[in-house]
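So the structure is just underneath, and the comments pick up after that.
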Amino acid sequence: MSIQVIHVNADAPMSLQDYLRKHAQISARMLKRLKQADKGITRNGVLIRSIDQVYGGDTLILNLPETCSHTSNPALDVPVVYESPQIIVCSKPVGMPVHPSMLHREDTLANWFAAYYPNDGFHALNRLDNNTSGLCLVAKTAYAAHALRKGVQKKYYALVPGGFECKEGTIDAPIARQQESVITRCVREDGQRAVTHYRVIAEKSHCAFVECRLETGRTHQIRVHFSYIGHPLFGDDLYGGDCSILKHQALHCGELTFVSPDTHEEICLSAPIRRDMQAFWDSEV
C-alpha cells in the first residue's frame, strides 16, 4: 500500500484536482487510479472528491494499493545501497535483467524485488541493460516514480580502447533501430536525437577509463555512440568490442544523484566498478 501525506500550502482555495496536478506532482493517470481506489483520497480524515475545494492547512492522504506482481525469487542476491520508505537503490549485478522476458522469467531484478518487497510497487527508473552493472533506482510507489521521472542524474563508467584526440567532448548522433533487428541500434540520420557527454578520466596503454553522462536516454546509447566514434566498449560483442578478456560490456552506472521524494533532500550515491572491469584496468595486457 502506498500512503502519501500532503500538507496543502495554498493562498486561495482551489479544487483538489487542480492542487494535486499543479502543486503535488500527481499525474492524470495516478489521479484516476486514486479516484477508483477505496478511500483513495481523504482530507482531514474525510473522503473528498476531485471537484471539492481544498484550503491552506488541509492535510490530504493519498491511498493507492501497490503490490509487486512479479514472481518471487528469494535465491537472488542484490546489494542494497540506499533505502527509504518510497525508494530503493541497489547495485545490479552484471548478467541480471531488470524486467522479466521470454528468456528471463525468474532471474531478474524484479523477481528479487518481489521476494523482499511484495507489498510495494516495482517502478524501475533507470533500466540498465542485462550486461550493464551498477546503481539502479526503484520507486516503491507510483507517486515517487512520477516525482523522480525527470530528476535523476547518472554517471556511467566505461573501459574502451584509448587514443582519444579529445579527452573531453560530446557525441551528438541520432540513434535508430538497426534494420531487420529488434535488438541492435545504430547511428542513422533518421534516428532519434541522442547526446552523450564524455570525459577521459585516465588512460593506459591497453585501454581508457571514461566517464559518461547522458543528455538523452536511447536504448544502448553509450555502446552505440562509442562504437560509432571508433572506441567500442571492451566486452561488447554486439557493437564490435574486443571480447578476448572481458565477457560482458565494460559499462557500469557508478553514480546517481536525485532529490528524495521522502525528505526532499539531494541524495548522491556511488558504487565502485565491478571486479572484472577493475581487474582489466589494473592489468598490463
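The values are calculated or read from the model by the stated rules, or taken from the named source; none is laboratory data. From a predicted model like this one, the values you see are computed outputs, not experimental measurements. We place every Cβ from the backbone using ideal geometry, glycine too, and count neighbours over all the protein chains shown.
See the values below:
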read-out: Top-ranked residue of region 236-258 - restricted to ones that are touching a Ser or Thr at 6+ places or on another chain (Cβ under 9 Å) and part of a loop (DSSP other than H, G, I, E, B), ranked as surrounded by the fewest Cβ atoms within 10 Å (Cβ to Cβ); value: G240
read-out: Leading residue by the ranking (modelled with the lowest pLDDT) among those in region 146-182 that are within 10 Å of the chain's Cα centre (by Cα) and hydrophobic (A, V, I, L, M, F, W, C); value: L148
read-out: Flag for I3 being modelled with pLDDT under 80 and within 20 Å of D120 (Cβ to Cβ); value: yes
read-out: Matching residues in region 1-59 - criterion: being touching a helix residue (DSSP H, G or I) at 6+ places or on another chain (Cβ under 6 Å), closer than 24 Å to K140 by Cβ and of a type in the set (V, I, T); value: I26, I41
read-out: Residues located in region 216-237, provided they are under 29 Å from R149 (Cβ atoms), modelled with pLDDT of 95 or more and not polar (S, T, N, Q); value: H220, I222, R223, V224, H225, F226, Y228, L233, D236
read-out: Residue in region 211-222 that is within 18 Å of the chain's Cα centre (by Cα), touching a residue at least 12 places away in the same chain (Cβ under 8 Å), assigned to a helix (DSSP H, G or I) and surrounded by 20 or more Cβ atoms within 10 Å (Cβ to Cβ) present; value: yes
read-out: Unique residue being of a type in the set (A, V, I, L, M) and without any contact (Cβ under 8 Å) to a residue 60 or more places away in the chain when the list is V94, V89, V98, V81; value: V98
read-out: Filter result for E66 (at pLDDT 95 or above and either within 14 Å of the chain's Cα centre (by Cα) or charged (D, E, K, R) (or both)); value: no
